[in-house]
Amino acid sequence: MTLAMGIGLGCALLVGLLIWIVAKVSNKDCKYDERQIAAQGKAYKAGFCTFIAWEIVEFFIELFTGEPLMPFSPGTLKVIEMLVCLLVYLEYSIFTDAYFPTGKPFKKSWCLIMLLLAATYYLQFFTSKNKREKIMILAVGIFITIAMASIIIKQIINNKADTKEIEE
């Protein structure tokens with residue numbers, strides 16, 4: 001990871017934290033029910049177990065090879081690890097209806113913005129000349145695409161279930 005990428009990641013995390021704080025302060029009516037909170041707990045557990053499994057595998061690979069596992073630039077593998085663990089949490093939350101609060105519906109505009117962001121990452125991947133940066137850019141693009149595809153698939157499943165329930 002280059003210094004510029006590290007600074008960009010730090011800025012993105014700071015902006016994400018600020019957005020999260022503003023959302024928490026402004027959305028006091030946005031609550032999760034008990035079932036969603038329990039499902040989120042299981043999702044955290046699944047993400048944490050994924051993290052532990054990843055670290056154990058990485059430890060044994062490094063133990064048997066005798067050298068650090070760094071197939072890409074420093075920090076890239078850790079960012080990919082973070083994205084994989086977060087994706088496990090996200091997938092579990094999405095498919096157990098624990099991702100969106102009960103009072104907040106799915107916003108198509110938000111999904112469109114995220115898909116445009118993923119497209120931007122793919123464009124950066126294809127135009128970047130630095131091979132080390134390309135891996136991380138591609139990983140983030142794939143992460144966003146999978147997350148949005150999961151949300152769309154879950155919405156389709158929910159809509160079909162609602163239609164079936166109305167018909168009965």
The lone exception for E81 - which of (1) acidic (D, E); (2) touching a Phe, Trp or Tyr at 6+ places or on another chain (Cβ under 9 Å); (3) open to solvent by 40 Å² or more (accessible area, probe 1.4 Å) it fails: (3)
Residue count, the range 98-112 (criterion: under 15 Å from the mean Cα position of the chain (by Cα) and without any contact (Cβ under 8 Å) to a residue 40 or more places away in the chain): 2
Test: residue in the range 96-118 that is open to solvent by 70 Å² or more (accessible area, probe 1.4 Å), modelled with pLDDT of 90 or more, in a helix (DSSP H, G or I) and not hydrophobic (A, V, I, L, M, F, W, C): no
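How many residues, within the range 19-40, are in a helix (DSSP H, G or I), more than 21 Å from V88 (Cβ to Cβ) and at pLDDT below 85? Steps first, please.
Going residue by residue through the range 19-40, those that are in a helix (DSSP H, G or I) are 19-26, 34-40.
Subset that is more than 21 Å from V88 (Cβ to Cβ): 19, 21-26, 34.
Now restrict to residues that are at pLDDT below 85: 19, 21-26.
The number of residues fulfilling the criteria is 7.
Residue-wise test of (1) of a type in the set (K, R); (2) in contact with a Lys or Arg (Cβ under 7 Å, 6 or more places away or on another chain); (3) on the phi > 0 side of the Ramachandran plot.
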{"residue": "D97", "(1), (2), (3)": "no, no, yes"}
{"residue": "L116", "(1), (2), (3)": "no, no, no"}
{"residue": "F125", "(1), (2), (3)": "no, yes, no"}
{"residue": "N130", "(1), (2), (3)": "no, no, no"}
{"residue": "V140", "(1), (2), (3)": "no, no, no"}
{"residue": "I146", "(1), (2), (3)": "no, no, no"}
{"residue": "A149", "(1), (2), (3)": "no, no, no"}
{"residue": "N158", "(1), (2), (3)": "no, no, no"}
{"residue": "E168", "(1), (2), (3)": "no, no, no"}
Criterion (modelled with pLDDT under 90, in a helix (DSSP H, G or I) and surrounded by 15 or more Cβ atoms within 10 Å (Cβ to Cβ)) met by exactly one of I135, I151: I135
Cβ pairs under 9 Å, 6+ apart, first in the range 42-56 and more than 16 Å from K78 (Cα to Cα) and at pLDDT 95 or above, second open to solvent by 70 Å² or more (accessible area, probe 1.4 Å) and not in a helix (DSSP H, G or I): none
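Among the candidates V57, V84, which residue alone is outside any loop (DSSP other than H, G, I, E, B) and closer than 18 Å to I144 by Cα? Show your work before the answer.
Working: V57 fails: closer than 18 Å to I144 by Cα.
Just one listed residue meets the conditions, V84.
The values are calculated or read from the model by the stated rules, or taken from the named source; none is laboratory data. These numbers come from a predicted model, not from an experiment. Backbone-built Cβ (ideal geometry, glycine too); neighbour counts: all protein chains shown. Keep in mind that these areas ignore ligands, DNA and RNA; they rest on the heavy atoms of the full protein, side chains included. Shrake-Rupley method; radii C 1.70, N 1.55, O 1.52, S 1.80 Å.
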